[in-house]
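Below is one structure, written out as structure tokens; comments come after it.
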Amino acid sequence: MLLITGTLRKISGKIAKNAAPSITPGIFPIPPMITASNIFADIMKSNDPGEIEVIMNPGMNAVLSLPVGWRGTENLVVINQHGTIQTSRFNPATNMIDAVIHASGIFQLHENTAEFSDIYEENPVVQTAITRLASRGIMQGNDNDEFRPGELLTLQELHHALAVIASYQNIVLATDEVIRRDQLASQISDFLMDYMGYHVPENANEILENFADRAIFPDWAEGGIALLTEIDLLPRRTDNRFEPGKIMTRADAAWILYRLYRRVW
């Protein structure tokens, strides 16, 4: 069992891609002393991917970075001793998988793939979004290897996805009520403004004028629709319609949530 130092960062407050949080080096007792390079060497010598034990104070957030080495990156995630996926993403600048963790535990890299029998009629871009989100525990299928892309998205599924994407522990899971397109835009924009410091664009009216059905947008949803449009989180339609009252399908939501995941991380 190894205790790690050097690649663990203690972070005060929220973790955000475009923010500059206060970071101090994580210093932990380590027998023996291990750096990123010889952790990888240790992994190479064993038949399993290796386990890293992290000890941290309660109530803290941290980013744990584990070296990838020769392995592929698309499906690698960090899991804890219970098999729970930690919010993970490959960092090409360091050739490591960065994972957000909230508590002490034993962690390791795990190749988590997701395959579904019912998504092959979807657009290839949507197929990629679905499998990538599922491999990271952001969206889920059922026990029959079905994703159910045509089924309607629920508020509970959206809140679960947002919680996992940002490792955001303050989101309260809602009911299984289905969610409309205007509601999804509003909730994701609220999340971006709270979590990443985004703001409704100053030229929101100009952005919204590009929609053919702008006249039926609810006032409370306009700012969110404008923000998601500006940062390219909404699919572009040839008829320039948004259809705010239309219920979101799981496939449509996967396209948006995967782009959100890539932006947050």
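The values are calculated or read from the model by the stated rules, or taken from the named source; none is laboratory data. In this text the structure is predicted, and so the values were computed from the model without any measurement. Using ideal geometry, Cβ is built from the backbone for each residue, glycine included, and neighbour counts are taken over all protein chains shown.
Odds and ends about this structure:
- Check on TRP220, in the same structural domain as ALA129 (by TED's automatic domain parsing), in contact (Cβ under 8 Å) with a residue 24 or more places away in the chain, of a type in the set (Phe, Trp, Tyr) and more than 21 Å from SER88 (Cα to Cα): yes
- Residue list for the stretch 212-228, restricted to those being of a type in the set (Asp, Glu) and outside any helix (DSSP H, G or I): ASP213
- Residues located in the stretch 218-252, provided they are closer than 24 Å to ILE119 by Cβ and not basic (Lys, Arg): LEU228, ASP232, LEU233, LEU234, PRO235, THR238, GLU243, ILE247, MET248, THR249, ALA251, ASP252
- Scoring GLU243 on the criteria (1) within 27 Å of THR128 (Cβ to Cβ); (2) in a loop (DSSP other than H, G, I, E, B); (3) modelled with pLDDT under 95; (4) touching a helix residue (DSSP H, G or I) at 6+ places or on another chain (Cβ under 7 Å) leaves a single failure, condition (3).
- Residue among ALA134, ALA204, ALA163, ALA129 that is in the same structural domain as LEU234 (by TED's automatic domain parsing), touching a residue at least 40 places away in the same chain (Cβ under 8 Å) and surrounded by 15 or more Cβ atoms within 10 Å (Cβ to Cβ): ALA129
- Unmet criterion (only one of (1) at pLDDT below 95; (2) in contact with a strand residue (DSSP E or B) (Cβ under 7 Å, 6 or more places away or on another chain)) for TYR168: (2)
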